[in-house]
Number of protein chains: 2
Amino acid sequence: MAADKPQAVIDQLRTLLPDDGLITDAAGLKPYECDGLTAIREQPWVVALPETEAQVQKILQICHTHKVPVVPRGAGTGLSGGARPMRSGVVLGLSKMNKILDIDVQNCTARLQPGVRNLAISQAAEPHGLYYAPDPSSQIACSIGGNVAENSGGVHCLKYGLTVHNLRGVRVVTIAGEVLELGGPLLDSPGLDLLAVMCGSEGMLGIVTEVTVALLPKPPAVVVMLTAFDSVNEAGQAVADIISEGIIPAGMEMMDQLAVQAAEQFAHAGYPQDAAAILIIELDGAGEEIDSLAGMVSRIVDNAGATSIDIATDSSAQARLWKGRKSAFPAVGRLAPDYYCMDGTIPRHRLSEVLDKINQLSAEYNLPVANVFHAGDGNLHPLILFDSNVPGQLAATEEMGGKILELCVAVGGTVTGEHGVGVEKLNQMCVQFNSMEIEQFQRLKLAWDPDNLLNPDKGIPTLTRCGELGGMHVRHGELPFPEIERF
Amino acid sequence: MAADKPQAVIDQLRTLLPDDGLITDAAGLKPYECDGLTAIREQPWVVALPETEAQVQKILQICHTHKVPVVPRGAGTGLSGGARPMRSGVVLGLSKMNKILDIDVQNCTARLQPGVRNLAISQAAEPHGLYYAPDPSSQIACSIGGNVAENSGGVHCLKYGLTVHNLRGVRVVTIAGEVLELGGPLLDSPGLDLLAVMCGSEGMLGIVTEVTVALLPKPPAVVVMLTAFDSVNEAGQAVADIISEGIIPAGMEMMDQLAVQAAEQFAHAGYPQDAAAILIIELDGAGEEIDSLAGMVSRIVDNAGATSIDIATDSSAQARLWKGRKSAFPAVGRLAPDYYCMDGTIPRHRLSEVLDKINQLSAEYNLPVANVFHAGDGNLHPLILFDSNVPGQLAATEEMGGKILELCVAVGGTVTGEHGVGVEKLNQMCVQFNSMEIEQFQRLKLAWDPDNLLNPDKGIPTLTRCGELGGMHVRHGELPFPEIERF
């Protein structure tokens, strides 16, 4: 192991960083053993916490020279294990680089260090009537650098897009310690779109040291509607009907009965606990427009069979409705010792059959599932409830989770909506992509990081792994769920 | 030259393609000598016109085996010379692959062969109340494959984004003849964002054989306003004030006096020929919203000093107002034997000083300039008028054009807005990017195309070229225009 952990690396990092910028003792390393995917843990060798871009450059140069792997980490809230550390590697934590560098009101942009928390951006922009649209459920804690790494979404991405759609530029340090400026404050930039390829690259290509995002004017008026249904199918129909009418709500979220009951008991948001499904619909825009849209949406959900429609027009009532949804994950966490949050995306019109199939899997594996999802854009978050102290339940849960993702691919969807691939979905990447596509991902990775030092073994499976699974070239060939109609 | 033009390539192409799918005679090759950048011409060796993806695969495999360069071509309307052919290379024309494969009303997407014309997409979507937002001025002729290659914009990209923001997926054939599916109909897809890097890659990475784009619901109401000003500065102020109020028009276009006069004499759009500048503002949305927005915009432009405000609410009057703008390029073409259309982008608030500087350059070089631009997003299109029959004028024009692009970089802008780099802006890429950034572009290119056969010598300059220009590492160091305040 000595060869894997050259003492020279620690010595050089010590001269570079202040005492509280380098963690090497077991107690200090403990919090860095996992990210939000807590089922997968490993103690890192050392954690480095730089405060400047120059320190990031030096750290990478040291690791590059000694061929030591580097695992970047933002706030550690990721759900696919993208920040899972390595026993022989350095965790590069960006939490100390948390300054808001500039709010440019005229160009509607914010320039940020990577450790700035997502919610802090909108708070800083608020006095100027602006906000930052992408809002992951973890927005109190998660960092903009992590959002870029995972191409994070949130409840408003239906109308306003994912991180990539709101990103204007980054400064990034390569594994060789070079600084690149990609993108910029303007809409287009010449050359290959290295900015987009950085976004969602899960720390495999470079370390982001500065982020410029677009800010949006706060909408003049907002309405939040809570609608209840006697079946998930009716709620799904309402979603399809709203979109077909050409209405794009700011957010459109569905929760099934188990999720509703858990959220209500936790957050007291006023959700009807007897509903089979609820739909939370947020409309934003000009005041007059919202009134007419709210009327149209009411008629559509009514026709689809809604049993109740509540409309919240003041911000405190709206916050209460959203509180239930935003706390759905921790709320479900009270129903069982553990839960596993999946993240897949499907075409909207396949929703009810996919939920039926998930229910079948739930019965087969005898593991309850609560469903919470961004219904408007087809991004599902089934939460599988289990108890890791029962032998075999974690493995069964992972197997069932994998089947849910493969089901998403079978109906023409994808294995991730906003949580990234990380270590969690490496096997399902082999189902989603054929060997030529996986190879092209790898060629691109090596064009940035020829020694494969930046977050290795994340995001992109090896062809060997895919071959062992027997899962290659399957997209239009053999897939699980032969009874499901192919896309 | 024989080694450069192996007869085996022609022989194999002949067995693959029908007679009218292979052009080798001088008369037939003539139309392929240049694209929309007509100043730069070269006769290609051979033009291949496949009708199927399988033929594209075979053509690329043949060229790959014999190490023959391939220059892809859509409709040939590009303005940066991206489709300029090579004497020793094959032009791969996609014009015969022009079928609309599917309009998916439920998911609001269209699946297209690359040769489908931009305008044909909206025409096919029209019966479903949908349209495709990006609308280059050449939209009658330009193809969606070319739009993807150049990441094209148009007058509506202020609100609806460039091609990349409206693109959902592509099928692409690599130089080795492999087919990759990148992206898909859903909002996110796992893995590295190869779709975004393909978009705007100017044919250097692969050949797009199928394109899936997002369609938008047609806005319920549209208003087009024509406003006139006594100075370009006042018009620029109006643009800034509208955006600062949080209003994002569907389009906001400025034309200066020379452009206005040319367009009016050509298109009889009703433009005031004595105005120093006009601003065309399109608002779209719900009916009530538009009325209130139009009122706000009227007050803002009035405060900024507008001398006249005309509001067109019916579609024929709107079409007339747009006709002048959309025919501005050919109209300016009647003022001089030749014109050179530049394409740079600047931060909105630097508009008036950049126009002052362009006027200075115009006086220095004694070459008139007409300015037409997407004012809302800072994308300038100065048209330099010249006569290629006057010895030295083409060279002077190119030199002046280069200075305009460098001016854009000096104020914090970019050397392209929507026309791509092609062969035209290779030198300015050395001003925009440092050597590490250029190298990273090249590493990425070679990760797709190790033999550099796909559209070589376009888009990315060599470091040697940049070194010869002495233009490297300049972004925050030495730049032209020392008198201009740096960004």
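Read the figures in this text as sums done on the coordinates, not as results from a lab. If you're wondering where the values come from, they're calculated on a predicted model, not measured in any experiment. Glycine also receives a Cβ, built like all others from the backbone with ideal geometry; neighbour counts cover every protein chain displayed.
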> How big, in percent, is the set of alpha carbon pairs in chain A lying more than 38 Å apart?
Replying inline: 26
> What size of dipole, in debye to the nearest 20, comes out for chain B about its Cα centre when the only charges are +1 on Lys and Arg C-beta atoms and -1 on Asp and Glu C-beta atoms?
Replying inline: 1120
> What base-10 log of the normalised intensity I(q)/I(0) is obtained for the stretch B:106-146 from the Debye formula, alpha carbons as equal point scatterers, at q = 0.20, 0.30, 0.31 Å⁻¹?
Replying inline: -0.56, -1.11, -1.16
> If you plug each phi of the stretch A:433-441 into the Karplus form 6.51 cos²θ - 1.76 cosθ + 1.60 with θ = phi - 60°, what whole-Hz ³J(HN,Hα) values come out, in order, with x for Gly and Pro?
Replying inline: 10, 8, 5, 5, 5, 4, 4, 5, 4
> Can you list the residues, at least 5 places off or on another chain, whose amide H is less than 5 Å from the amide H of A:ALA250, using H built in the peptide plane?
Replying inline: A:GLU282, A:LEU283, A:ASP284
>> More than 19 angstrom separation, counting every C-alpha pair in the stretch A:134-198; what % is that?
In response: 37
> Ratio of the stretch B:107-216's C-alpha Rg to 2.2 N^0.38 Å, to two decimals?
Replying inline: 0.99
>> For a test of the definition: using alpha carbon positions, the gyration tensor, and the 1.5 limit on a/c, classify the stretch B:313-445 as rounded, prolate or oblate.
In response: oblate
>> Distances in nm, one decimal, shortest first, from B:ASP11 to the same residue in every other copy, taking the label point 7 angstrom along Cα→Cβ.
In response: 6.6
> Using a basic spin-label model with each label point 7 Å from the Cα along Cα→Cβ, how many nm lie between B:SER244 and A:GLN43?
Replying inline: 5.9
>> So if I take the alpha carbon set of the protein assembly as shown, get Rg, then get Rh from the Kirkwood formula, what is the Rg over Rh ratio?
In response: 0.96
> How much mean residue ellipticity at 222 nm does the protein assembly as shown get from its helices, if each DSSP H run of length 4 or more adds -39500 (n - 2.57) and you divide by all residues, to the nearest 500 deg cm²/dmol?
Replying inline: -10500 deg cm²/dmol
>> Can you list the copy-to-copy distances for B:SER88, using a point 7 angstrom from Cα toward Cβ, in nanometres, shortest first?
In response: 4.6
>> Net charge around B:GLY392, counting only other residues with Cβ within less than 12 Å of its Cβ (Lys, Arg = +1; Asp, Glu = -1)?
In response: -3
>> From the phi angles alone, apply the Karplus equation (6.51, -1.76, 1.60; θ = phi - 60°) to the stretch A:288-294 and give each ³J(HN,Hα) in whole Hz, x where the residue is Gly or Pro.
In response: 5, 4, 4, 4, 6, 5, 4
> For the stretch B:221-331, what does the alpha-carbon gyration tensor say about shape, rounded, prolate or oblate, given a ≥ b ≥ c as the root eigenvalues, a/c under 1.5 as rounded, and a/b over b/c as prolate?
Replying inline: oblate
> Near B:MET97, within a Cβ-to-Cβ distance under 13 Å, what is the net charge of the other residues, with Lys and Arg +1 and Asp and Glu -1?
Replying inline: +3
> For chain A, with the dipole built from +1 on Lys and Arg beta-carbon atoms and -1 on Asp and Glu ones, taken about the Cα centre, which of A:VAL197, A:LEU79, A:LEU453 lies farthest toward the positive end?
Replying inline: A:LEU453
> From the label point of B:LEU101, set 7 Å from Cα along Cα→Cβ, how far away are the matching label points in the other copies, in nm, ordered shortest to longest?
Replying inline: 4.2
> Taking 0.36 nm per residue of separation and subtracting the Cα-Cα distance, what length does fully extending A:GLU399 through A:GLN360 add?
Replying inline: 12.6 nm
> Using alpha carbon centroids, what distance separates the stretch B:50-104 and the stretch A:144-189, in Å?
Replying inline: 32
>> If I measure Cβ to Cβ between cysteines in chain B, which ones have no partner under 4.7 Å?
In response: B:CYS34, B:CYS63, B:CYS108, B:CYS142, B:CYS157, B:CYS199, B:CYS341, B:CYS408
>> Given points 7 Å out from each Cα along the Cα-Cβ axis, report the A:SER435 to B:ASP11 separation in nanometres with one decimal.
In response: 3.2
>> When only alpha-carbon atoms are used, what values of Rg and Dmax, in angstrom, describe the stretch B:4-93?
In response: 12.3, 35
> Once you charge only the Cβ atoms, +1 for Lys and Arg and -1 for Asp and Glu, what is the size of the charge dipole of the protein assembly as shown about its Cα centre, to the nearest 20 debye?
Replying inline: 1620
> Which far-off residues, 5 or more places away or on another chain, put their amide H under 5 Å from the one on B:GLN139, with H placed in the peptide plane?
Replying inline: none
> Which of B:ILE140, B:THR462, A:GLN265 sits closest to the plus end of the dipole of the protein assembly as shown, meaning its Cα is farthest towards the positive end, when Lys and Arg get +1 and Asp and Glu get -1 on the C-beta?
Replying inline: B:THR462
> Given H placed on each backbone N at 1.01 Å, which residues far from A:ASP104 in sequence or on other chains put an amide H within less than 5 Å of it?
Replying inline: A:THR109, A:ALA110, A:ARG111
>> Is there a quick way to get the dipole size of the stretch B:4-93? I mean about its Cα centre, with the Cβ of Lys and Arg at +1 and of Asp and Glu at -1; what is the value in debye to the nearest 20?
In response: 280
> Tell me, in nm to one decimal, what length is gained between B:ALA26 and B:LYS323 on full extension, where the rule is 0.36 nm per residue of separation less the Cα-Cα distance?
Replying inline: 103.2 nm
> Where in the stretch A:32-68 does the label zone of A:ARG87 land, with the point 7 angstrom along Cα→C-beta and an amide N cut-off under 14 Å?
Replying inline: A:41-46
> Under a point spin-label approximation (7 Å from Cα along Cα-to-Cβ), what is the A:GLU33-B:THR52 distance to one decimal in nm?
Replying inline: 5.9
> Applying the Karplus parametrisation 6.51 cos²θ - 1.76 cosθ + 1.60 with θ = phi - 60° to the phi angles of the stretch A:154-162, what ³J(HN,Hα) value in whole Hz is obtained for each residue in order, glycine and proline being reported as x?
Replying inline: x, 5, 9, 6, 4, 8, 10, x, 7
>> Less than 13 Å Cβ to Cβ from A:THR24, Lys/Arg counted +1 and Asp/Glu -1: what total charge do the surrounding residues give?
In response: -1
